[in-house]
Each structure stands twice: as structure tokens, then as C-alpha cells.
Amino acid sequence: MTRNALLSLLAALSLGAAVLAGCGGSGASSSSTNGAAQSEAAAAATGDIPDNQVFLTYGDRAGGYAIRYPEGWTRQGSGATVLFTDKDNSIQVTVAHGAAPSAASARSALVRLHASQPSLHVTAAPQVVTLPHGRAVKLSYSVTGPANAVTGRRPLLLVDRYVYAHGGKVATVDLATPRGVDNVDAYRMISRSFAWR
């Protein structure tokens, strides 16, 4: 084989290797993209609120408040009690007449709730927090949720409770999510969106 023929063969082999490497790189990128999409789909299936979730504002004239919630969640009720749900996640807003909450009154409310929900366990003691639209009392607890209609299993729900007050009204907002599902950022945003009207 002449020197020129050998150089031509090496050039062709190098070009072929570059093309194959490019194809392999494209496949790896595609695989990575597919893996990310599958991971996001799996997270959504368990109840994680995705980063690109659209939120809507629900205004309740009778209750006198507004709060944001994830688009697509089912809403039940209005006025005194409103419940938004998706999978085992829930946002419940209950409005009643009463005095401004304190750490002691929030603790007493949990004692009363424990009577009907014996699985309830306080995970973070009540504390006063300052939010964009005023102050609230925040606490956290866990409780066994209702049985899943398909599996019959009862998930352990982690609940962040916020108690807001204004003009003789008290709103209790319970943000519940199953253990192992990460909705911390979304629920924080929702708690900060609550505003009296």
C-alpha cells in the first residue's frame, strides 16, 4: 500500500470514529434527557409538585380571603371550609370567628384534634412567624391519612399548619403531604400567599 493510500485510509478511519463518537454522544444526551423526564414523571406520580407547576389564586368572598393553589387540583367546599386535593396531598382552609391565635391556643386546638385523630403527633411546636401579609402561628404535625381508594394503604401525612387572624376571623390552613414527598417549597409559597380581603 502506498503512503498516500495509507494516509487516505487513516483519514477515513478517523472521520468514521468521529462520526460514531458524535452519534454516541447524541445517544448519551438523549438518554440523559429521557432519564430526567422519567425522573420528573415518577416524582409527579408520587405527588411531588413539579418546579414548573402553574398556580392559580382562589378568592373566597364569604371567607374573606385569597390563597394560591396548584392548577388542576380538585376543590371541594367554599366559605367556612375549602379543600384542595391531588393524590394524597391537600390544602384545607377553615375559617371561623375567634380571637387572634397564640402558640397556646394553637397547641390547644391540636389537643382537641388529637381526640378524633389519635395518630396525631406534633413534630414542630407552635411559633409566631411573620409572613408577607401579616403574622401567623405555625406548627407541624404528622397524622395517618385516609385509606387510598386503590391500594387501601393509609399514608403518613406530614402537615404544616398556619393560623392567621384578622378582624375577629381566624383561618386555619393545613398543608398536608405524604412522607417522602417533597413539597416544601411549593407549600411555603402557598402559606405566604394567604391574604385577607
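Along the range 181-187, what does the Karplus equation 6.51 cos²θ - 1.76 cosθ + 1.60 (θ = phi - 60°) give for ³J(HN,Hα), rounded to whole Hz, x for Gly and Pro?
9, 9, 10, 4, 5, 5, 5
If one computes P(r) from the Cα atoms of the range 55-196, what percent of pairs lie at distances over 19 Å?
50 percent
Points 7 angstrom from Cα along the Cβ direction at Glu71 and Gln127: gap in nanometres?
For Glu71 paired with Gln127, the spin-label model returns 3.5 nm.
Using a cut-off of 11 Å between beta-carbons, work out the net charge of the residues near Gly145 (Lys and Arg +1, Asp and Glu -1, Gly145 not included).
Taking every other residue near Gly145 into account, the sum is +3.
According to the Kirkwood expression over distinct Cα-Cα pairs, how big is the hydrodynamic radius of the range 129-197, in Å?
13.3 Å
Each reported figure results from applying straightforward, stated rules to the coordinates on display, with no laboratory input. The structure presented is a predicted model; accordingly, all values stated were derived computationally and were not measured. Positions of Cβ are backbone-derived with ideal geometry, glycine not excepted, and every protein chain shown enters the neighbour counts.
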